[in-house]
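Read the structure below first, then the notes.
The values are calculated or read from the model by the stated rules, or taken from the named source; none is laboratory data. As the structure is a computational prediction, the values presented were derived from the model and not from experiment. Every residue, glycine among them, receives a Cβ derived from its backbone with ideal geometry; neighbour counts consider all protein chains shown. Ligands, DNA and RNA are stripped out before the accessible areas are found, and what is left, the full protein with its side chains, is counted by its heavy atoms. Shrake-Rupley method; radii C 1.70, N 1.55, O 1.52, S 1.80 Å.
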Amino acid sequence: MSVTQLGMPKVFHGSGNIVADEPFPDFARRELKNEQLRANLGFATHTIRSKRASVVGELPDWQELRTAGSEIKQRVMARLPELLEQFEENVTARGGQVHWARDAEEANRIALDLIRAEGAEEIIKIKSMATQETGLNEYLAEHGVGAVETDLAEEIVQMGEDKPSHILVPAIHRNRTEIRDIFLKRMPGVDPGLTDNPPELADASRRHLREKFFRTGVAVSGANFGVADTGTLAVVESEGNGRMCLTLPDTLITFMGIEKLVPTFEDLEVFFQLLPRSSTGERMNPYTSLWSGRTEGDGPQNLHVILLDNGRTAALADEVGRQALHCIRCSACMNVCPVYERAGGHAYGSTYPGPIGAILSPLLTGVEDRSNNSLPYASSLCGACYEACPVKINIPDVLVHLRGKDVDARHGKGEGGRKRRMPDQMDAMMAGAKAAFSNASLLSLAERGLPAGKLAAGRKHRISKLPGVVSGWTQYRDVPEPPAQSFRHWWKKNRQNGTRQRPAGERADVEAMIEANAGLADELHERFAAEAEEQQRAADRAALEAKVEEKEEVQAGVSRELDAGGDGPRDTEAGSTEPERPKPAAEKIARAASEEAGPGSDLSDKGPGRADPEPKGNAPMESEEER
Amino acid sequence: MRIALFSTCIVDAMYPRVARATVDILERLGHEVIFPPGQTCCSQMHVNSGYFDDAYPIVKNHVQAFSEWDYDVAVAPSGSCVASLGHQQPMIARHAGDEATAEAAEDVAGRTFELSRLLVDVLGITDAARQLGSYFPHRVTYHASCHGMRLLHLGTRQSDLVRTVEGLELAELPDIDQCCGFGGTFSFKNADTSGAMVADKVANIESTGASLCTGGDVSCLMNIGGALSRKGSDVATLHYAEILASTRENPLEVPASAPVSITEGK
Ligand code: SF4
């Protein structure tokens, strides 16, 4: 844990798997070259986007729900210490035990002690981001305790000694053949004739896990929500394996970030509506497990909750940044994010990828921890994340806020009190622009240089190479030829401003004009909406079909390479092979399989704004929501 | 009425034709346009890059430039810069502990409109052909810039106005809600990701078969146009104000490769 002196109260920053070791742009550059990953991500994000848009569009009160979710979380943050104590009281009163962990290391140690007290050498786990954050599995392994992930995608990641790259689809970067190979190598007692057929893979996983469920005495879970006034914990998942973990073992240890609280049981109602539609694009979540303390003779008899801070109070102390703690880990922000879609989850270097990761990781660790200061810049600030977020976290605002903190820290100001570093090109560029933009006469003078730029553009009327820090621009684009004169200079020659002040009587009543035109924009919109939206749907559908084709083409290329014994980039269908739960899982697999066979045909009547009871092609997305 | 033009720094220096088109449209409607001479930039590049201290004098400059002149409304041919006035300027002033400037910034922002909002909501323009004489017989596609869409909630004002131009045919752009990858300094700080984004945008534009792509923010259009140019594409970009300003008598010249639209009027 790093402790930062802030004059007075100490800020305890988080540790564990929440720090990027490599700057985002560098990691992203490599990932962008992985055609398979890009094709998978492009297809998966577009599919889940339209699915989410369609189920969200069904609810007339979606915006009110978002507001309610956001307000509940604001209230939680305002009263966090008090609510945590209330939660502890209620868990204890119902026969559970609450443990407080300041950071990742402490949380892991507490868990290890509890596991050792039970004499267990192996535990089963429900997919949990809190334990990924603390690196629990690795910690337990170091201390001789095995941890078995029971979420299929998570199991694949674990067996492949890999890192998850998406909250919902942790193994999105893997293809079926790789999964088969991983199973063959790592799954005890697996049929050596296993093929890469999704139902077979699911079956292998089911058999393997069944045995673990019956044999293992300790389970570790995360929690989606903790209810202060009842001490209830909630886990939301879609496979059913989670419920096995929550009910079969004798001891249940739950990791919960302290921000996961809601004040009352009734508040859950809001989140149970927001979460499934935002994350998997489902109307209702398949498996929602709630438990309030211990029930004699039914389910786990030893219940523990480890409350994890790990930098959350530091985030709470940041007035702008604290809203990041509202996050319910639905993954909507990453699914709509154009940067995530290209760079993928690993580039964020943390348990938390995508837009939320770009703010949460630096908030937990402090913006200057290793490469976490590159994360707030990993965004074009397009705002798609904020628009999608079910609890209205204004991610773009927090990104900009954290950029400000980073610049301050680099300049020796504010948190961290690092030594001021030498001004770099960016500083120089900003200082120059500041001078010109603070003073119109200076800017006007600078604009006299435009003809020189025109000259530089030459006969091709464009500039194809810029130097230094802005060279990145001309890596992918030209700069147009500058004009012969600026608008300012044209105006001076061709127009004259009237007097600075006018007689009062000449002023227009703008408010009255706006009032008179109220509704005009809607009328105008209505005039074209039907036709435009129809055409838009057709255009989007064509684009999605192109994505499917692209994905297939890349996959075909990979298969050819594999047949030839090559080792090219691989495809993923990780989440498509759902284990457990025969019925829904079987359906999903069938869907995934049919998508494999001929995906284009499944997309015929999809599009935003249209209710689609059984949308196809999203099977790879299905996994569990997060705790 | 009297309308103060905020040209924005990038239009002023790189795309004066867009400011001139804006002046053209407003004067055609009989309004007086002034150009407060002290103006420079909204400060967005500095704010979005985290240089809050450097942004402060720029904010002060803008607020002063637009407070010392008397006008009814201000207008800018940019969704992004208008959004920045209301969204970022007060924050920057407060960050510097200057409440008076923060409030003055809120006042200026409250009176500054993005062009399409001014045209529709204040001036009641819903038919560019009839009310502005706009004529542009070309097949065009339209990119909706993020800040106009998500921060200003402009909805379809810009594209709807474009649709009412005589002779124009609008081809819907696939994935219209996707960012073009500009993002200010993002475009060179994360050049590879930004480059991948604009490559997809360009592919979508080319798939429409239109030879022109319009939009409401020249920064995005410069990004898109720059990538098209690098690719050797014939597709050109232009601001929608230029389309609205084009008339039968004084048509906007477009690159020779742009095909003339087949539809007759609207
Ligand atoms: S920040 Fe992202 S993952 Fe968290 S609730 Fe909002 S959209 Fe979901």
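Relative contact order of chain B, taken over Cα pairs closer than 8 Å and 6 or more residues apart, is 20 percent. Per residue, the solvent-accessible area of region A:80-313 (1.4 Å probe, heavy atoms of protein chains only, all protein chains present) comes to 36 Å². Farthest toward the positive end of the dipole of the protein assembly as shown, out of A:V320, A:F27, B:G167, is the Cα of B:G167, where the dipole comes from beta carbon charges about the Cα centre.
Per-residue SASA remark: A:C389, around 10 Å² accessible (1.4 Å probe; ligands, DNA and RNA not included).
Evaluated at 25 °C with a viscosity of 0.890 mPa s, what Stokes-Einstein diffusion coefficient in µm²/s does the protein assembly as shown have when Rh comes from the Kirkwood expression over alpha-carbon pairs? Walk me through the numbers before you get to the answer.
Working: Rh = 28.9 Å.
Taking Rh from Cα pairs, D becomes 85 µm²/s.
Ranking A:Y348, A:Y476 from most to least accessible surface, computed with a 1.4 Å probe over the protein chains only, gives A:Y476, A:Y348. Taking B:L173, A:L248 and ordering them by how much accessible surface each has at a 1.4 Å probe, largest first, produces A:L248, B:L173.
Positive end of the dipole of region B:126-245 (Cβ unit charges, origin at the Cα centre): among B:A241, B:L151, B:S187, the Cα lying farthest that way belongs to B:S187.
Once whole DSSP H runs in chain A are found, which of them have Cα atoms spread over 27 Å or more along the helix axis and a mean Kyte-Doolittle score of at least -0.5?
A:35-57
Computed FRET efficiency, Cβ-Cβ of A:A546 and A:R283, R0 41 Å: what is it to the nearest 0.05? Mind dumping the intermediate values first?
Working: r = 29 Å, r/R0 = 0.70.
According to the calculation, E is roughly 0.90.
The listed residues B:L29, B:L85 rank as B:L29, B:L85 when sorted by accessible area, largest first, using a 1.4 Å probe. When DSSP beta bridges are restricted to pairs lying wholly in the protein assembly as shown, around 25% turn out antiparallel.
Secondary structure note: in region A:80-313, about 25% of the DSSP beta bridges are antiparallel.
Cross-link list A:K33/B:K189; A:K185/A:K551; A:K127/A:K260; A:K212/A:K260; A:K454/B:K201: which exceed 21 angstrom alpha carbon to alpha carbon? All intermediate terms of the calculation are to be shown ahead of the outcome.
Working: A:K33/B:K189 18 Å; A:K185/A:K551 27 Å; A:K127/A:K260 16 Å; A:K212/A:K260 29 Å; A:K454/B:K201 27 Å.
Pairs exceeding 21 Å: A:K185/A:K551; A:K212/A:K260; A:K454/B:K201.
Measuring nothing but how far apart in sequence close Cα pairs (under 8 Å, 6+ apart) lie, relative to its length, region A:80-313 scores a relative contact order of 29 percent.
With everything on Cα atoms, drop me the angle between helix B:191-207 and the longest principal axis of chain B, reported from 0 to 90° to the nearest 10. Helix B:191-207 sits at roughly 40 degrees to that axis. The angle between the Cα long axis of helix B:52-67 and the main principal axis of chain B comes to about 80°, on a 0 to 90 degree scale. Using only side-chain charges placed at the Cβ, +1 for Lys and Arg and -1 for Asp and Glu, the dipole size of region B:120-165 relative to its Cα centre rounds to 140 debye. Under a Cβ-only charge scheme (Lys and Arg +1, Asp and Glu -1), can you give me the dipole magnitude of chain A about the Cα centre, in debye to the nearest 20? About 3160 debye.
Each listed q (0.13, 0.14, 0.20 Å⁻¹) maps to a log10 I(q)/I(0) for region B:2-118 from the Debye sum over equal C-alpha point scatterers, namely -0.45, -0.52, -1.02. Interface of A with B. Using a 1.4 Å probe and counting protein heavy atoms only, the two chains hide about 8100 Å² of accessible surface, both sides summed. Against the main long axis of the alpha-carbon atoms of chain B, helix B:16-28 sits at an angle near 90°. The residue list A:T288, A:N197, A:I393 was ranked by how far each Cα lies along the charge dipole of chain A toward its positive end, using unit charges on Cβ atoms, and A:I393 comes out on top.
Each Lys and Arg Cβ is given +1 and each Asp and Glu Cβ -1; about its Cα centre, region A:80-313 then shows a dipole of about 580 debye.
Computed over protein heavy atoms with a 1.4 Å probe, the carbon and sulfur contribution to the accessible area of region A:80-313 reaches 46%.
With a 1.4 Å probe and every protein chain kept in, tell me what percent of the accessible surface of chain B is carbon plus sulfur.
Values: 3930 of 7730 Å².
That fraction is 51 percent.
Computed over protein heavy atoms with a 1.4 Å probe, the accessible surface of region B:149-238 works out to 24 Å² per residue.
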